[in-house]
Amino acid sequence: MAVIKVGIADLNVAVKPDTITTLGLGSCVGVTFYDSSKKIAGLAHVMLPSTELSKAAVLNKAKFADSALPELLRRMVELGAIPRRIQAKMAGGAQMFNFKDPSGQKSIGDRNIEACKVALRKLGIPLVAEDVGGNYGRTIELFTETGILEVRAISKEIKHI
Amino acid sequence: MSDIIKDMGAFHLDVLKEISNIGSGNAATALSQLLGKRVGMQVSRVMPMPFHEITEYVGGAENIITSVFLRFEGDITGNMFYIVDQEDAKRLVEDLAGLKVEDEFCEMSLSVLQEIGNILSGSYLTALADFSGLEMKPSVPSLAIDMAGALLSYGLVEIGKSSDYAIMIDAEIQAEGNEVQQAVVRKGKTGHFFLLPDPESFEKIFMALGVHGYGGN
């Protein structure tokens, strides 16, 4: 069994019996996809809400909610996952510092959460569990055997969602 | 098209290193006055790094760190972190305020840490502004203790819009006698002083210092 690590602004897929994890989510949102019939999972570590914010010459699809989730779906389907069987879970989107954005916008964490939800609706993938917001960091790990998402935070009980 | 951060040339990286030395030198003086001890400084490190390596650099994304964050606006914009690891943070509070910190930081020790962060990052930025003639207005700094990945990624949001790389401008100062360190890569006790200018600011920094267009790219 291998543990597949997904870095910041990155995405990857995993199949049974491996697990897939991303460490230290702050304002970023970790979105997991899971097809329970095929035991295929995917995880995206989303950093920004929209590709409209991109000023880069080359787009890193994994970085933005609106490009990461379709790309994650594509990668899973490539492995044999069936789109209508896929369910999503997500965690993260915290506000790590008590710091007001001078432009008066919502925190980047909240904007990431909203954007991920919009992207899921567009793809028709149901969101079955979430652990989002707050002011603390999270590490998440999805088990491909069960589809359970483990959420770990400092000085907090481990959650299984 | 090139990525201004990833493709920055050696000459300009050296200029940034010098800027960091000036900033951290001033912060070292400030810490020395606070502690009443000699505080030494090391030559800064400046390197373009992919995001995922930045958290490795501070001991891994899950490593718990104490961090004071501020954002500066003005002629140039960007983020700054003052990062101390837990044990060093406890020692700083003890040295400075005579407060014994057990497992958890109390309210009082947290505000001492916040104040240390304010003073040090303030003196760092002041030196930078004086030297470059650029105006930099810092926000009210904010303190948090959490996983390195969760805290640092917050400071990478602006940069993330244009790159997957950040230039790590990292300085270390060390108090005599008790190994208070800011910004070292060393086993165990590490702490860092990170300056993360927004990508658009690099050119303005180089213009202000008259080294724009030098060194090639």
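The values are calculated or read from the model by the stated rules, or taken from the named source; none is laboratory data. These figures come from a predicted structure and were not determined experimentally. As a convention, Cβ positions derive from the backbone with ideal geometry for all residues, glycine included, and neighbour counts pool all protein chains shown. Accessible surface areas use protein heavy atoms only, side chains included; no ligands, DNA or RNA. Shrake-Rupley method; radii C 1.70, N 1.55, O 1.52, S 1.80 Å.
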Exercise. Hey, got the dipole for the range A:3-160? About the Cα centre, +1 on K and R Cβ, -1 on D and E Cβ, debye to the nearest 20?
Worked result: 220 debye
Problem set entry | the protein assembly as shown, helix-only ellipticity at 222 nm - DSSP H runs n ≥ 4, -39,500 (n - 2.57), divided by all residues, nearest 500 | -10500 deg cm²/dmol
For this session: Please name which of B:HIS12, B:ASN118, B:TYR82 has its Cα lying farthest along the dipole of chain B towards the positive end, using unit charges on Cβ (Lys, Arg +1; Asp, Glu -1) and the Cα centre as origin.
Result: B:HIS12
For this session: Would you mind giving the three semi-axes, in whole Å and largest first, of the ellipsoid equivalent to the protein assembly as shown according to its Cα gyration tensor?
Result: 37, 25, 17
Seminar exercise, completed: Result row for chain B, helices from DSSP H with C-alpha axial extent 30 Å or more and mean Kyte hydropathy at least 0.5, is B:10-35, B:107-132
For this session: Once you have a ≥ b ≥ c as the square roots of the Cα gyration tensor eigenvalues for the range B:46-89, tell me rounded if a/c is under 1.5, and otherwise prolate or oblate according to whether a/b is larger than b/c.
Result: oblate
For this session: For the range A:3-160, just the Cα set please: Rg and Dmax, both in angstrom.
Result: 14.7, 47
Problem set entry | Isotropically averaged projected area of the range A:68-151, using the convex hull of Cα atoms (one quarter of hull area), nm² | 6.3 nm²
Problem set entry | Net charge, B:ILE205 excluded, C-beta distance under 12 Å - Lys, Arg +1, Asp, Glu -1 | -4
Seminar exercise, completed: Counting all Cα-Cα pairs in chain B, those more than 20 Å apart amount in percent to 55 percent
Exercise. Using a basic spin-label model with each label point 7 Å from the Cα along Cα→Cβ, how many nm lie between A:ARG74 and B:GLU56?
Worked result: 2.7 nm
For this session: Determine the sum of side-chain charges near A:ALA9: Lys and Arg each +1, Asp and Glu each -1, restricted to other residues whose C-beta is under 13 angstrom from that of A:ALA9.
Result: -1
Exercise. Taking Cα pairs under 8 Å and at least six residues apart, what relative contact order does the range A:37-161 come out at, in percent?
Worked result: 26 percent
Seminar exercise, completed: In debye to the nearest 20, the charge dipole size for the protein assembly as shown, taken about the Cα centre with +1 at each Lys and Arg Cβ and -1 at each Asp and Glu Cβ, equals 1200 debye
For this session: Measure of size requested: the Rg and Dmax of the range B:1-119, with Cα atoms as the atom set and Å as the unit; please supply both.
Result: 16.6, 54
Exercise. If amide H atoms are built 1.01 Å from N in the plane of the peptide, which residues on other chains or at least 5 residues away come under 5 Å of the amide H of A:ALA9?
Worked result: A:HIS45, A:MET47
Seminar exercise, completed: Of the accessible area of the protein assembly as shown, computed with a 1.4 Å probe and all protein chains kept, carbon and sulfur make up a percent value of 51 percent
Exercise. Karplus couplings for the range B:42-58 from phi (6.51 cos²θ - 1.76 cosθ + 1.60, θ = phi - 60°), rounded to Hz, Gly and Pro as x?
Worked result: 9, 5, 5, 10, 9, 7, x, 9, x, 3, 5, 7, 5, 6, 4, 4, 9
For this session: Would you mind counting up the charge near A:THR51? Only other residues with Cβ under 9 Å from its Cβ, with Lys and Arg at +1 and Asp and Glu at -1.
Result: 0
